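Input: a single structure, listed below in structure tokens.
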Amino acid sequence: MTKYLISFPSAAMVVPEEGLQALSDAARAVVREAKDAGVWVFGGGINESIPPVMVDGAGTVIEGTYPQTRQMEGGYSVLELPSYEAALEWAARFAAACRCAQEVRAFQYDPES
């Protein structure tokens, strides 16, 4: 089976304060469904209060990040699924719960994992 990354940037999820609890409950329900279905691998939101750093091969810590990933934030879920179509179905569930479109990407197959 293939692992899929289902994600969204923080800016995509625009919800009034009074709707946050319902959104949180709906998102947690989809995560429970994924866990119950045995497809959940990992997920969570990026803690945007901690700035990103890069670490080189010598262990030197450098403030900042690659320009291409400067805006990497939001929520991420990794599911292990039998097909791309199944990933799209789960993405639709997350989109409905989070009230924003979800991006779907497939991880390359690793025969040793």
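Can you name the residue in region 70-88 that is within 28 Å of residue 17 (Cα to Cα) and within 15 Å of the chain's Cα centre (by Cα) and is also surrounded by the most Cβ atoms within 10 Å (Cβ to Cβ) among such residues?
Of the residues in region 70-88, the ones within 28 Å of residue 17 (Cα to Cα) are 70-78.
Of the ones still in play, those that are also within 15 Å of the chain's Cα centre (by Cα) are 71-78.
Numbers: 71: 11, 72: 15, 73: 17, 74: 19, 75: 20, 76: 17, 77: 23, 78: 18.
Ranking the qualifying residues of region 70-88, first place goes to 77.
So which residues in region 87-111 are within 14 Å of residue 5 (Cβ to Cβ), part of a helix (DSSP H, G or I) and among the small types (Gly, Ala, Ser)?
87, 91
Hey, does region 3-20 have a residue that's touching a strand residue (DSSP E or B) at 6+ places or on another chain (Cβ under 6 Å) and over 22 Å from residue 99 (Cβ atoms)?
yes
Tell me, please, whether a residue that is of a type in the set (Gly, Ala, Ser), surrounded by fewer than 19 Cβ atoms within 10 Å (Cβ to Cβ), closer than 22 Å to residue 47 by Cα and in contact with a helix residue (DSSP H, G or I) (Cβ under 9 Å, 6 or more places away or on another chain) can be found in region 95-106.
Checking region 95-106: at least one residue is of a type in the set (Gly, Ala, Ser), surrounded by fewer than 19 Cβ atoms within 10 Å (Cβ to Cβ), closer than 22 Å to residue 47 by Cα and in contact with a helix residue (DSSP H, G or I) (Cβ under 9 Å, 6 or more places away or on another chain).
Within the bounds of region 47-67, is there any residue that is touching a residue at least 12 places away in the same chain (Cβ under 8 Å), within 15 Å of residue 100 (Cα to Cα) and under 18 Å from the mean Cα position of the chain (by Cα)?
Pass one, region 47-67, residues touching a residue at least 12 places away in the same chain (Cβ under 8 Å): 48, 51-54, 63-66.
Within this subset, residues satisfying the condition of being within 15 Å of residue 100 (Cα to Cα) are none.
No, that holds for no residue.
Would you be able to say whether some residue in region 72-85 is among the acidic types (Asp, Glu) and touching a residue at least 40 places away in the same chain (Cβ under 8 Å)? Can you show your working first?
Residues of region 72-85 among the acidic types (Asp, Glu): 73, 80, 85.
Imposing the further condition that a residue be touching a residue at least 40 places away in the same chain (Cβ under 8 Å) reduces the set to 73, 80.
Yes, because at least one residue in region 72-85 is among the acidic types (Asp, Glu) and touching a residue at least 40 places away in the same chain (Cβ under 8 Å).
Across region 32-41, which residue is surrounded by the fewest Cβ atoms within 10 Å (Cβ to Cβ) among those that are touching a helix residue (DSSP H, G or I) at 6+ places or on another chain (Cβ under 9 Å) and part of a helix (DSSP H, G or I)?
33
Under the condition of being of a type in the set (A, V, I, L, M, F, W, C) and in a loop (DSSP other than H, G, I, E, B), which residue from region 42-69 is surrounded by the fewest Cβ atoms within 10 Å (Cβ to Cβ)?
Selected residue: 58.
Identify, from the list 22, 27, the residue that is part of a helix (DSSP H, G or I) and either modelled with pLDDT of 95 or more or within 17 Å of the chain's Cα centre (by Cα) (or both). Steps first, answer last, please.
Details: 22 fails: either modelled with pLDDT of 95 or more or within 17 Å of the chain's Cα centre (by Cα) (or both).
Within the list 22, 27, the selection yields 27.
The values are calculated or read from the model by the stated rules, or taken from the named source; none is laboratory data. As the structure is a prediction and not an experimental result, all values here were calculated from the model. Heads up, the Cβs are rebuilt from the backbone with ideal geometry, glycines too, and the neighbour counts pull from every protein chain shown.
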